[in-house]
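**Student:** Structure provided below as structure tokens; questions to follow.
The values are calculated or read from the model by the stated rules, or taken from the named source; none is laboratory data. For clarity, every value in this text was computed on a predicted model and none was experimentally measured. Note that each Cβ is placed from the backbone with ideal geometry, even for glycine, and that neighbours are counted across all protein chains shown. Only protein heavy atoms, including side chains, enter the accessible area calculation; ligands, DNA and RNA are left aside. Shrake-Rupley method; radii C 1.70, N 1.55, O 1.52, S 1.80 Å.
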Amino acid sequence: MSHLPPIGVWIAAFLTLSALSFLYKDNPFFRFAESLFAGVSLGYYVGITLDQTLVPNLIEPMQQDFGKHWDLLVPGLLGVLLYMRYFPRIGWVSRYALAIYVTYYIGLDFTRRLHGEAMPQIARVIVALPGPNPLAFVFVVGVLSVLVYFFFSMEQGPVTRRISRLGIWFLMISFGAAFGFTVMGRVALLIGRLNFLILDWIYPILGI
Amino acid sequence: MSFDFGRVALVLCFAIVPIIGIFLGLNAPGLRSRGPILVGVVAGIVPILAMYIPKGFVSGPEGMGPRLDNWLIILAGFALLLGIVNVLQNNFKKIGRRESGWFFSVVLLTGLFVTGGFGVYGALSGVGIGFNPDGSPTPFKYMTDWFFQPLQSTIFALLAFFMASAAFRAFRARNVEATILLIAAGLVMLGRVPILEFLAVPFPFFHAAAASGSQALGKLTEWIMDVPNGAAQSGIIIGAALGAASMAIRVILGIERGYLGLGKGE
Amino acid sequence: MRAFLERLLRLDRRWIFLFVLLSVAIPIVIPLGLPVTTTESTRKAFEFIEAMKPGDTVLISFDYGPSSAPENDPMAEAVMRQCAIRKLRFIVIALYPLGGLNLASNAVAKVVAEYPDLKYGVDYVNLGYKDGASAVMRRMGDDIAGAFPTDEAGTPLAQIPMMKGIASLRQVQLVFTVATGIIGEWWITQVHPQVGTPIIIGPTAVSAPKYYAFLNSGQLEGMLGGMKGAAEYEKLMRAAHPEMERFYGSTRDFTATKGMDGQTVMHTVVLLFILLGNLAFFLTQKRAVR
Amino acid sequence: MKSAGITLIGLFLAANAFAAPIDAPATQPPVLPIPQNLVAKDKPGDSGGAVVLTWTDPVSLPAGADIEVLRAEPPAYDLQPIDHVAAGAGTYTDTSAKNGVAYRYGLRSSLATTDSTGAVSVAAATSAPVVSEPVSSHDNWFKVERTNSFIASVLFVIIVLGSIQVARSGKEIFIRRIAGLNAIDEAIGRATEIGKKVMYIPGIQSMDDIQTVASVAILGHVARSTARYGTDLEVPNKDPLTFASAREVVRASYLEEGRPDLFREEMVNYVTYDQFAFTAAVSAKMTREKPAAIFLVGYFFAESLILAETGQSTGAIQIAGQADPTQLPFFVATCDYTLIGEELYAASAYLSREPVLLGSIRGQDIAKGILILIAIAGILLASVHLVDISSWIRTK
């Protein structure tokens, strides 16, 4: 029986079927698969974070040339501080690490928001009208009406109310489009799994 | 450069100040919130300054910006593992008390220790977590390929089923807005895949008509995606960008500090 | 009729599930071979890479996990194959925590086996995974070795010949991010405006609608939207490079093009469900009012 | 003195390079013309490490020829090829320069062919290079090409902080009705009436995402209401950092309302780190306990569909909110109220009516108004072909 698929494929097939069994009803096979997944995925985090980030970026540089990289002690220390919240009495010291972590990433976010999002997007709206495409104004109307919908500190008059209503309609079109695309995305995942079951597992068993 | 200003400044702000703050905070509860906020202001401003000031000590290869980036890559690694302590606590408690379903906690912990153990071994032994020198997969990679990957993929594949059921039960044309949403969704779904051709498979007579109909629908979908959808997305992006940027200012400057568990009282 | 519709509304959803399972499984066993039409955004991506000079460097970032692999894998493989044919060098990294690295290593191993001429460290390199995606991108904008001191296997970057002339993202001619979720967006809103490297994205279908705004504004060179985008790319590759037939013409291996059969059937089914659901809803609703 | 010395070295070098052309083939093909007007300058507005060369291509450059860039370092000033540039480019940036080192750059035409194996052979003799004045790179104080975004950022900060100041000084600030937020009290009121709990899910992202930070702020207000009415609250979490924040926020809210007796630690609980396991656990809980109100506010991904659909099937009032549009269709279809996009960020101001927060919303709106005016003005100007201001706004 040389055409039998390797043991790994059998494991994967068993776990795939166990997970799919949830569709019939919640059952021990599914709970087994789900718990195993929760554990394995955490273990995966441990392995990958240690091997790919903490060892090459923190431990190895300090081992090789401590004089040059001694400052890496600081993130190491802050990282340990994060875990201090498991000790209720001095839990507040983890606020230092949390504050740095949160504000740094939010500062980074700030650089993306105006420079990378608002300005290029508004620049795109500025086009000569009527352009070569007679429907180009639809785009402009769409962007501006959605922006009007997002005005908060202004009382809506009869005109702005109509504009922001139009803005909602544009939003709904884009949500509809997103739904259409999402169907495709979700189905793709299922196609992938059934492909595995049929092409890698069942066909080899049948010798096809 | 012998005196590395960027490094000294960073160490001062993110190591010396916190250490002093922690010691002082032991006796002065008021400092327990003010210290972190102060340090946070610096951490938030550095990446913004680094974007506009190319001077070496700010954004040169050894400057404050890039060095802080480096540090935060490491801190992010620590943050990623933070959940594990919680998971261990919860599951050991469950097993200890023999709560219902404790067996599944055993399964979870086994998965965690086996996979994590292989990972730790690979990382510390220098073998790595990918392939052995002879090209065969490491145990960690074996776990990833045959346990982790199929489970993650399948559990997400369940969404296809829920999606279909939601389409049947939840998506109703209740009002004008919902109707617009549904019409747009329907057109896009028709235009992205050759549904007309699929329906025409048994009727050779309609093949040509289906093909051109499909083409037209495809063009219409592209237009919807580009123009009305693109416009709405741009609008959301600009609006949300301003909202997020203003929120960022409040958070960085410590005006909004709820995330630290500090109400307006402190 | 109404009684039937009311029964339909209360239908056990397991019947729906079974229906879904069959409509996806049958086209895998009996392929329909439905046609794929290409769209502007995919063509732009394809032509951008075709126009690159031999020796140029493409950074391929694996910003997705197994959960969206059926959509994203074909994109990553197609682009790596294109790099191999066009003699472009490629750097592989992974920024998605949950499984990005493993997919990257597998995809690289697969394509390298197809093109045995590719030499590690000369034609391609795998730098592995790093935590803290947006901080990593920032660091790479100035200094790749700062973010990735070693490659995936632990070799320092200084010892890799290919990385000699590539100190930062500025020396990379294209970033191709194969993405699910938010990480792909950061390449567009952070790296492109701050470093200037052109970006092409291969997002999952779920996040694709948002990226039309970035295509419009010129922040993106092209996009492969979901499995459809991947199938379009495969079609373009087959048309431009006949030798691709050995991958995309095979009846056995999975390709996005083949996946589109199942997509078509399922789209029909979902549309049908929406129509039926609404029909039943309105007819029963009317009676309730009366 | 020094410059004369360097010039001498340069001359010597040029002569040297002429005497021993690199990779010269055995037969002597025609000599190529050399590029003109070479200028090497520090790249402005960067962190150093970059030198920009500009030149004009020789007029009679044969087809297929390109420009070879060479660089010489002190003290030897031995020109070494560093790159090739296609004809017609006229500019090259050397990004491998060390700050403070006085390099000299050389340029010459070269004609190389690639055979089918990919090996490169030189087809024509390269001429002696033209050599630049010594130049060194250094770091600068300001990134000139980002002036526009710098001005925009500074203006934005001024507008926001200014509006906050105005609001602090006591000026009344109007804020329009946001249906989803008005419904919060209605939802909690109903939960109180029928005696069932309120469930709040702050998304599945960590605190590095600003939507989570916004959601945790809204949670503070929800918790204050539940404390006031004495309604039970439950906050299941997927991310440990968010969990830590959420628990502190809820505790602080109960304290502020003077009801610390009603606060229990288990109100804010940690479920698991895995997205789908979290979703399964929470939706199971929804089905079992049937909360009266469910809040799904924050950054959600694929689980949005399952959570929202399950919540709808249990008959709860559902209020959802997300700034990122990808999951919004599901929320719109299955929830009673949805905060869309920017509404999420405005929520904490709207709910608290705190002058500081209201002021920043006002500032945001002013910025938005300015952007709309710029866009309209820009379109008008572009339409009459006067000037295209979009290039002023495009960032680099």
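**Student:** Tell me, what HN-Hα J-couplings in whole Hz come from the Karplus equation 6.51 cos²θ - 1.76 cosθ + 1.60 at θ = phi - 60° for each residue of the stretch C:122-136, using x for Gly and Pro?
**Tutor:** 10, 9, 7, 8, 10, 8, x, 10, 9, 6, x, 2, 6, 5, 5
**Student:** While we're on this one: Tell me, what does the Kirkwood hydrodynamic radius of the stretch D:138-184 come to in angstroms if you use every pair of distinct C-alpha atoms?
**Tutor:** Numbers: mean 1/r = 0.0707 Å⁻¹.
With all distinct Cα pairs of the stretch D:138-184 included, I get 14.2 Å.
**Student:** Please compute, for peptide D:161-167, the average count of beta-carbon atoms on other protein chains lying within 10 Å of each residue's beta-carbon.
**Tutor:** Taking all residues of D:161-167 together, the mean is 2.
**Student:** Sorted by packing (mean other beta-carbon atoms within 10 Å per residue), highest first, where do A:5-17, B:44-56, D:55-67 land?
**Tutor:** My ranking of the peptides, most packed first, is B:44-56, A:5-17, D:55-67.
**Student:** Then there's this: Any idea of the accessible area per residue across the protein assembly as shown, 1.4 Å probe, to the nearest Å²?
**Tutor:** Result: 37 Å² per residue.
**Student:** Which ³J(HN,Hα) values in Hz, rounded to whole numbers, follow from the phi angles of the stretch C:46-52 under the Karplus curve 6.51 cos²θ - 1.76 cosθ + 1.60, where θ = phi - 60° and Gly and Pro get x?
**Tutor:** Once θ is set to phi - 60°, the couplings for the stretch C:46-52 become 4, 5, 4, 6, 4, 7, 6 Hz.
**Student:** In peptide C:195-207, how many Cβ atoms from other protein chains are near each Cβ within 10 Å, on average?
**Tutor:** 4
**Student:** Just the number, please: buried accessible area between B and C, total of both chains, 1.4 angstrom probe, nearest 100 square angstrom. It would help to have the intermediate numbers written out before the result.
**Tutor:** Details: alone 19730 and 14480 Å², together 28990 Å².
So the buried area, both faces added, is about 5200 Å².
**Student:** Right, next: Scaled to the compact-protein estimate 2.2 N^0.38 Å, what is the alpha-carbon radius of gyration of the stretch C:216-290, rounded to two decimal places?
**Tutor:** Taking N as the residue count of the stretch C:216-290, the ratio is 1.79.
**Student:** What average count of beta carbons from other chains do you get within 10 Å of the Cβ of residues in C:60-67?
**Tutor:** 4
**Student:** Just for chain D, what percent of DSSP beta bridges are antiparallel, to the closest 5?
**Tutor:** Percentage antiparallel, nearest 5: 60.
**Student:** To the nearest hundred square angstrom, how large is the accessible surface buried between B and A, total for both chains, probe 1.4 angstrom?
**Tutor:** That pair hides around 10700 Å² of surface in total.
**Student:** Rounded to the nearest Å, what's the spacing between the alpha carbon centres of the stretch C:126-204 and the stretch C:4-50? Just the number, please.
**Tutor:** 34
**Student:** Next question, about the same structure. Would you mind telling me the share, in percent, of accessible area of chain A contributed by carbon and sulfur at probe 1.4 angstrom?
**Tutor:** For chain A, the apolar C and S fraction of the accessible surface comes to 70 percent.
**Student:** Right, here's the next one. Among D:Glu172, D:Glu256, what's the order by accessible area (1.4 angstrom probe), most exposed first?
**Tutor:** These residues rank, largest area first, as D:Glu172, D:Glu256.
**Student:** Could you give the dipole magnitude of chain D about its Cα centre, charging the beta-carbon of Lys and Arg +1 and that of Asp and Glu -1, in debye to the nearest 20?
**Tutor:** In debye, rounded to 20, chain D gives about 900.
**Student:** How long are the semi-axes of the equivalent ellipsoid of chain C, defined as square roots of 5 times the Cα gyration tensor eigenvalues? Whole Å, largest first.
**Tutor:** 41, 21, 17
**Student:** Something else about it: Among A:Leu42, A:Leu81, A:Gly67, which residue has its Cα positioned farthest towards the positive end of the charge dipole of the stretch A:14-126, with +1 placed on the Cβ of Lys and Arg, -1 on the Cβ of Asp and Glu, and the dipole taken about the Cα centre?
**Tutor:** Farthest towards the positive end: A:Leu81.
**Student:** Which is farthest toward the positive dipole end of the protein assembly as shown among A:Ala123, B:Pro66, D:Ala167, measuring Cα position about the Cα centre, with Cβ charges +1 (Lys, Arg) and -1 (Asp, Glu)?
**Tutor:** Farthest along the dipole direction, towards plus: D:Ala167.
**Student:** As an exercise, find the ratio Rg/Rh for chain B from alpha-carbon atoms, using the Kirkwood inverse-distance average for Rh.
**Tutor:** Rg/Rh for chain B comes to 1.09.
**Student:** Would you be so kind as to identify which of D:Phe243, D:Gly359, D:Ala50 lies farthest towards the positive end of the dipole of chain D, taking Lys and Arg as +1 and Asp and Glu as -1 on Cβ and the Cα centre as origin?
**Tutor:** The one lying farthest along the dipole's positive direction is D:Gly359.
**Student:** Bin by bin, in steps of 5 Å, what percent of the Cα pairs in the stretch C:1-117 do you find, going until the bin that has the longest distance?
**Tutor:** 2, 9, 13, 14, 14, 13, 11, 7, 5, 4, 3, 2, 1, 0
**Student:** Given H placed on each backbone N at 1.01 Å, which residues far from D:Val297 in sequence or on other chains put an amide H within less than 5 Å of it?
**Tutor:** D:Ile201, D:Gly203, D:Gly321
**Student:** A follow-up question, please. Ordered by residue, what ³J(HN,Hα) values in Hz, to whole numbers, does the stretch D:377-389 give under the Karplus form 6.51 cos²θ - 1.76 cosθ + 1.60, where θ = phi - 60° and Gly and Pro are x?
**Tutor:** After applying 6.51 cos²θ - 1.76 cosθ + 1.60, I find 4, x, 5, 4, 4, 5, 5, 8, 6, 7, 7, 9, 7 Hz.
**Student:** One-quarter of the Cα convex hull surface for the protein assembly as shown, in nm²? Please list the in-between numbers first.
**Tutor:** Working: hull surface 201.4 nm².
Mean projected area for the protein assembly as shown: 50.4 nm², to one decimal.
**Student:** What FRET efficiency would be calculated for the residue pair D:Val39, A:Tyr86, taking the C-beta separation as r and a Förster radius of 56 Å, to the nearest 0.05? Don't skip to the answer; put the middle values down first.
**Tutor:** Details: r = 62 Å, r/R0 = 1.11.
Rounded to the nearest 0.05, the efficiency is 0.35.
**Student:** Also, I was wondering about something else. Between C:Leu275 and C:Arg238, how high is the FRET efficiency from 1/(1 + (r/R0)^6) when r is the Cβ-Cβ distance and R₀ = 41 Å? Nearest 0.05.
**Tutor:** The value I calculate is 0.70.
**Student:** Here's a follow-up. With N set to the residue count of the stretch B:166-228, report its C-alpha Rg divided by 2.2 N^0.38 Å to two decimal places.
**Tutor:** The reported ratio for this selection is 1.31.
**Student:** Taking all protein chains as present, what is the carbon and sulfur share of the accessible area of the stretch D:61-108, in % to the nearest whole number, probe 1.4 Å? Show your work: numbers first, answer last.
**Tutor:** Numbers: 1080 of 2100 Å².
Carbon with sulfur: 52 percent of the solvent-accessible area.
**Student:** Would you mind pulling out the separation of the Cα centroids of the stretch D:231-267 and the stretch A:82-154, in Å?
**Tutor:** For the stretch D:231-267 versus the stretch A:82-154, the Cα centre distance is 28 Å.
**Student:** Next up: So, with +1 on the Cβ of K and R and -1 on the Cβ of D and E, and no other charges, what is the size of the charge dipole of the protein assembly as shown about its Cα centre, to the nearest 20 debye?
**Tutor:** Dipole about the Cα centre, nearest 20: 3200 debye.
**Student:** Excluding residues on the same chain fewer than 8 positions from C:Lys87, give the lysines whose Cα lies under 28 Å from its Cα.
**Tutor:** In chain and number order, the partners are C:Lys44, C:Lys53, C:Lys110, C:Lys119, C:Lys130, C:Lys164, C:Lys228, C:Lys235, C:Lys258.
**Student:** About the Cα centre of the stretch A:1-133, how large is the charge dipole given +1 on each Lys and Arg Cβ and -1 on each Asp and Glu Cβ? Please answer in debye to the nearest 20. Numbers along the way, then the final one.
**Tutor:** On the way: 9 positive and 8 negative charges, 86 e Å.
The calculated dipole for the stretch A:1-133 is roughly 420 debye.
**Student:** Roughly how many percent of the accessible protein surface of the stretch D:224-295 is carbon and sulfur, given a 1.4 Å probe and a whole-percent answer?
**Tutor:** 50
**Student:** Next question. In nm, to one decimal, how far is the modelled label at D:Leu381 from the one at C:Glu40, with both set 7 Å along Cα→Cβ?
**Tutor:** Modelled inter-label distance: 2.6 nm.
**Student:** How big a patch of accessible area, both sides summed and in Å² to the nearest 100, lies buried between A and D at a 1.4 Å probe?
**Tutor:** 4700
**Student:** Could you list which residues have their amide H under 5 Å from that of B:Glu256, counting only those 5 or more apart in sequence or on another chain, with H placed in the peptide plane?
**Tutor:** The answer is B:Val251.
**Student:** Continuing with the same structure: Would you mind listing how long the stretch B:56-117 runs along its three principal axes, going by Cα atoms, in whole Å with the largest first?
**Tutor:** Cα spread of the stretch B:56-117 along its principal axes, largest to smallest: 60, 19, 11 Å.
**Student:** Non-local amide H neighbours of B:Lys55 (under 5 Å, H modeled in plane, Pro and chain starts lacking H): which ones?
**Tutor:** D:Asn140
**Student:** Quick one: how many lysine pairs does chain D have with C-alpha atoms less than 12 Å apart and a gap of 8 or more or different chains? Give me the count, please.
**Tutor:** For chain D, qualifying lysine pairs total 5.
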